[in-house]
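First up is the structure itself, then whatever we jot down about it.
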Amino acid sequence: MSAIASPSEHTPRARGRIGFIAFAAAVVAANAFLVRNYAHFSAGPAPEWPVMIDLLLFVPLVFLALNWRQGKAAVVRTLALVSLGALAGSLILPAESKHAWLIVEDLRYVALGVVVVFQLGLITLVLTRVAREHHSQNLELSLDRAIDERFGNSAFARLLRLESRVWLYGLLRRPIRHAFPGIRHFHVGKQGMNASNQMGFLILIGAEIPIAHFFIYLFNPTVAAVATGLSVYGLLFMLAEYRATLYRPLSVTERGLHVRYGVASDFLIEWPTIATAAPTRDTVRRAKGRMRLIGMGEANVLIKLAPGTRVSGLAGCRVVEQIYLGVDDPVGLIAEIDARCRND
């Protein structure tokens, strides 16, 4: 479960991430510029070895040196950077410059195999938990506990929890037979026809997949297989989102409001961090410090948080000032928040 963090808890780490991303982007941009303009400096194709050193060794090793205290998580992220470097180098280098790089490009099949094994492992975890605990446990919470016990609350663990929910809600027609903990629950499927709109998109996506596959297959069977595989996964994700909309509630607890929304959002807003809660009919646009959780419906509750409040999510912590929600019973939710906040 993700939670509200203190205002200063993750600021240095977030700044470090931004700084490293800027550094890595500058290295990639410099290599792209030099390769593209190599003809101005020398005859013949641009050499591949400087790109290999920078993108496959230098940038990943700098990241590892800065994050070695994170142990296995740092190693996994370093390998991911090597994979991203291989992709970037393939785009930067022209065909006439690629010799040893062709071997690097062939490693993409290894990366694909890792992804397949990762997904099969998640499916196995989901099915094992279903077989063992579906009569006595809330399966989502059971999966969360299993991941927490092994990986803690790292970024990798957050990704695992999201993927496990995708497979849980995508594979099972009724994934939740036992209630989530909480004093009172609020659902989100009826507001603005949220769930009905999602079902409409599901039908459209499902009908489009075989048609698109047929026409792409006429030009390139390999591309058709890849595109269809991605489309099927997208359909599974959309199906999981639809079922999560029906079964995952926002829960009023003793500590705060536990926000579950769709398949991705899962965090706790502690009562002391909530400044106000009010009804709204605003058209909500993206803005810094604003979170929108309305699905395919409309916002009807606006929660304003205390200054500096940080919300932890899949991509890490960020400062949030306003949370727009779309719920089936906005009056009831606002009354519960007001009552709890007054007591605090």
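The values are calculated or read from the model by the stated rules, or taken from the named source; none is laboratory data. Because the structure is a prediction, the values reported are computed rather than measured. Glycine also receives a Cβ, built like all others from the backbone with ideal geometry; neighbour counts cover every protein chain displayed.
Figures for the structure shown
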| quantity | calculated |
| --- | --- |
| Count of the range 143-171 residues which are more than 16 Å from Gly234 (Cα to Cα) and either in the same structural domain as Leu235 (by TED's automatic domain parsing) or polar (S, T, N, Q) (or both) | 2 |
| In the range 265-281, residue farthest from His187 (Cα to Cα) [restricted to those that are crowded, with 16+ Cβ neighbours inside 10 Å and among the polar types (S, T, N, Q)] | Thr273 |
| In the range 316-344, residue surrounded by the fewest Cβ atoms within 10 Å (Cβ to Cβ) [restricted to those that are assigned to a loop (DSSP other than H, G, I, E, B) and either charged (D, E, K, R) or in contact (Cβ under 8 Å) with a residue 40 or more places away in the chain (or both)] | Asp344 |
| Subset of the range 273-319 [in contact with a strand residue (DSSP E or B) (Cβ under 6 Å, 6 or more places away or on another chain) and among the charged types (D, E, K, R)] | Arg290, Arg292, Lys304, Arg310 |
| Residue count for the range 226-259, restricted to those that are in contact with a helix residue (DSSP H, G or I) (Cβ under 8 Å, 6 or more places away or on another chain), in a strand (DSSP E or B) and either within 17 Å of Gly189 (Cα to Cα) or among the aromatic types (Phe, Trp, Tyr) (or both) | 1 |
| Test: residue in the range 192-211 that is among the hydroxyl-bearing types (Ser, Thr, Tyr), in contact with a helix residue (DSSP H, G or I) (Cβ under 9 Å, 6 or more places away or on another chain) and more than 24 Å from Ser312 (Cβ to Cβ) | no |
| Residue satisfying condition, being charged (D, E, K, R), surrounded by fewer than 16 Cβ atoms within 10 Å (Cβ to Cβ) and at pLDDT 90 or above, within set Arg285, Arg248, Arg290 | Arg290 |
